[in-house]
Each structure stands twice: as structure tokens, then as C-alpha cells.
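Quick notes on the structure that follows.
The values are calculated or read from the model by the stated rules, or taken from the named source; none is laboratory data. Keep in mind it's a predicted model, so treat the numbers as computed, not measured. With ideal geometry, Cβ positions are generated from the backbone for all residues, glycine too; neighbour counts draw on all protein chains shown. The accessibility values were calculated without ligands, DNA or RNA, using every heavy atom of the protein model including side chains. Shrake-Rupley method; radii C 1.70, N 1.55, O 1.52, S 1.80 Å.
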Amino acid sequence: KYMYYLEHDRNNKKNSIYQKLSTMRRFINDAINLELTQNYAFKKFSIKIDEVEKEFLDLNEIKKLHNLYENPGCSDRLKVTLHYFLLSCYTGLRLSDIRRVDKNAIVNNAILLKTQKTGKQVRIPLNNSALKLINFDLEGLKLFERTIKESSYKISIDLNDALASDDVKINKKITFHTSRHSFAI
């Protein structure tokens with residue numbers, strides 16, 4: 001009934017339903033392990049997922065965005081969005097983690113950080129392109145002139161506007177998370 005509700009009433013796609021049911025299954029497994037219940041609701045139930053093509057940018061496309069970022073005609077708002085996006089392309093960090101990077105996190109040209117999502121300590125070497133994006137001259141612990149405050153929706157609009165600009169002309173629809181896929185490639 002819950003799956004039907006998610007699909008028909010909430011108009012969720014198969015992979016969103018999979019994610020919600022997987023979380024539910026995890027809690028039920030925890031309840032069984034804690035001997036709070038013996039009823040395993042997923043006993044005769046399999047959760048299906050659709051394989052999806054993950055969007056990414058290749059090195060040429062990232063270079064075009066970097067050139068747009070360095071262009072004096074680039075708007076301040078777009079420059080801030082591209083600053084964070086490009087750093088994620090070069091490091092693979094999530095937006096939530098990039099927002100937390102400060103001067104203390106940079107050691108021997110690498111970012112040392114406990115990630116927000118997993119809580120694991122990571123060490124990410126910084127290449128020259130990433131180092132150019134980091135401003136060590138700012139006072140205090142700050143590395144970025146401005147913080148990115150926009151919602152994910154506005155960030156996606158900015159990124160897709162950048163892709164469609166005359167200087168870039170890339171025919172793709174992306175989100176901030178595309179930077180992580182681009183890093184992985």
C-alpha cells in the first residue's frame with residue numbers, strides 16, 4: 001500500500017521509491033536485531049531499481065566552465081556558483097562539505113576533512129586547478145570570498161545558464177551533484 005501511495009499519490013519514480021523502501025527495510029532489520037519485532041515485512045518482497053545514465057562533464061567541458069568563471073564579464077552570482085561547482089569537480093566533495101572547508105582543513109596541498117554525510121575522515125590532494133580556486137589571502141579562516149547561499153534549485157538554474165551561455169554552449173542538464181560524477185570520470 002505504501003509503495004502504491006508513493007507511486008500514484010506522490011508521483012515518485014521507481015528509484016525514489018527504492019530509496020524510501022530501502023530506508024524502511026533498514027529500520028525493520030534494526031528492529032529485528034534489537035528483538036523489538038519478529039515480523040519481517042520484506043520477506044516476500046523485492047525492491048526494484050531502474051538503471052539510470054548519470055550525467056557528467058568531460059575535461060573539455062569543465063575547462064569551458066573554468067574559462068567562463070575567469071571571464072571578467074561573468075556575473076557575481078554565477079561566479080560564486082561556478083567557484084563551488086568547479087572545486088567539487090576537482091575534488092569530488094559534496095556541496096555540504098565544500099561549505100565547511102576552511103584554511104585549517106588545507107594541509108600540504110590537500111583537504112583533510114571529516115565528511116558531513118558519512119562522518120569519515122578523507123584526504124583529498126589538490127591539483128593546480130583546485131589550488132587556483134582557493135584564496136589563501138583572505139583574513140581569518142575563510143577561503144572563499146563569498147558563501148554560496150542559494151537553494152539547490154537556484155544552483156541548478158545557474159549551472160544550466162552557464163552551460164547554455166555563448167562562451168560554453170554545452171547541451172546538457174546538470175545539478176551540483178554532476179560535479180561528483182565528473183570527478184569520478
Any chance LEU68 is modelled with pLDDT of 90 or more, farther than 30 Å from GLU7 by Cβ, within 16 Å of the chain's Cα centre (by Cα) and crowded, with 17+ Cβ neighbours inside 10 Å: no
Scope region 172-183; condition open to solvent by 80 Å² or more (accessible area, probe 1.4 Å) and over 12 Å from the mean Cα position of the chain (by Cα); matching residues: LYS173
Checking ILE111 against (1) buried (at least 19 other Cβ atoms within 10 Å of the Cβ); (2) in contact with a Ser or Thr (Cβ under 7 Å, 6 or more places away or on another chain); (3) closer than 22 Å to ALA162 by Cα, the condition it does not meet: (3)
Any hit, region 82-95, residues being within 25 Å of the chain's Cα centre (by Cα) and exposed (fewer than 11 other Cβ atoms within 10 Å of the Cβ): no
Test result for SER165, over 24 Å from LYS103 (Cα atoms) and under 15 Å from the mean Cα position of the chain (by Cα): no
Inter-residue pairs, beta-carbon under 9 Å, first among the hydroxyl-bearing types (Ser, Thr, Tyr) and in region 150-174, second open to solvent by 50 Å² or more (accessible area, probe 1.4 Å), 6+ apart: SER152/THR175; SER152/HIS177; SER156/LYS173; SER156/THR175
Boolean, LYS154 is surrounded by fewer than 15 Cβ atoms within 10 Å (Cβ to Cβ) and part of a loop (DSSP other than H, G, I, E, B): no
Lone qualifier among LYS169, LYS132 - being of a type in the set (Lys, Arg), surrounded by fewer than 17 Cβ atoms within 10 Å (Cβ to Cβ) and outside any helix (DSSP H, G or I): LYS169
Selection from region 31-65 of residues that are surrounded by 15 or more Cβ atoms within 10 Å (Cβ to Cβ) and either closer than 30 Å to LEU159 by Cβ or among the acidic types (Asp, Glu) (or both): PHE56, LEU57, GLU61, ILE62, LYS64, LEU65
Qualifying residue in region 11-21 (condition: touching a residue at least 12 places away in the same chain (Cβ under 8 Å), surrounded by 12 or more Cβ atoms within 10 Å (Cβ to Cβ), farther than 30 Å from LYS154 by Cα and aromatic (Phe, Trp, Tyr)): no
Pairs, first assigned to a loop (DSSP other than H, G, I, E, B) in region 36-47, second open to solvent by less than 80 Å² (accessible area, probe 1.4 Å), C-beta under 6 Å, six or more apart: THR37/ALA31; ALA41/ILE28; PHE42/ARG25; ILE47/TYR18; ILE47/LEU21
